[in-house]
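Every read-out reported here was derived from the displayed coordinates using simple, explicitly stated rules and does not represent laboratory data. Everything numeric here is computed off the predicted structure, so don't read it as measured data. Backbone-built Cβ (ideal geometry, glycine too); neighbour counts: all protein chains shown.
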Amino acid sequence: MDEVTNEPKIEAKKKPEAEGVPAIKPDPATQPAAVEEDYKKKCEEAQKEAKENYNKWLYLYADFENYKKRVHKEKLDLLKYGNESLAYELLEVVDSLEKALSHTDEKNGAKGLEGGIRLTMKQFLSVLEKFGIKPIQSVGTKFDPKFHEAVGEEEKEDHGPGMVVRETQKGYVLHERLLRAARVIVAKKKEQK
């Protein structure tokens, strides 16, 4: 009680810091100046990283463009010089043709020329086969639209209908892929009158 007023004495409640808990001091990191400084620092780091990434991207883009140019050049060279070994082998055939022509004289006449051409044809087919080019055997086989192009029909008793009786142009395959279809005459049934 209060001695002067004789009323009960009301004590003020103590604040928690008074009981040994330290007062919360303002954190400098949460102050506006500190937050702004931290934000600027993070922005600079992000810009630096973005610039590094952009430079890496430019380097990779330039490298890829150079790669595309190099592959394009290699492809053109392959197309341009890819048949070099075939061309070299064919030069031997040209040499044989020149020899065959030089051996035709008035004494041998057509016989010398024919023999030279047959020999050259054999050599030429050998060179083609060496590079995977083979003729399609058509005469006496059933017409196959995958390998044959029919250019006509003939009535034949000794061949069944749909059989190839004659070639007008030989067909060729390149490693089992059709290079040129054979142009053929196909047998048909004899029409009854």
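A few points about this structure:
- Rg(Cα)/(2.2 N^0.38 Å) for segment 29-81, N = residue count: 2.27
- Amide H contacts of Arg166: Ile185, each under 5 Å away and 5 or more positions distant or on a separate chain (H built 1.01 Å from N in the peptide plane; Pro and chain starts excluded).
- Out-of-range pairs (alpha-carbon distance over 20 Å; input Lys75/Lys170; Lys142/Lys188; Lys146/Lys170): Lys75/Lys170
- Of His175, Gly140, Gly160, farthest towards positive along the dipole that unit charges on Lys, Arg, Asp, Glu beta carbons give segment 132-193: His175
- Extension gain, Glu149 to Glu129: 0.36 nm times the residue separation minus the Cα-Cα distance gives 5.0 nm.
- Full-stretch length increase - Lys42, Tyr59 - with 0.36 nm per residue and alpha-carbon distance subtracted: 3.5 nm
- Beta bridges per DSSP, both residues in segment 47-193: antiparallel share near 60 percent.
- Relative contact order of segment 72-193, pairs being alpha-carbon contacts under 8 Å that are 6 or more residues apart, as %: 21 percent
- Estimated dipole of segment 29-81 in Debye, rounded to 20 [Cβ of Lys and Arg +1, of Asp and Glu -1, Cα centre]: 560 debye
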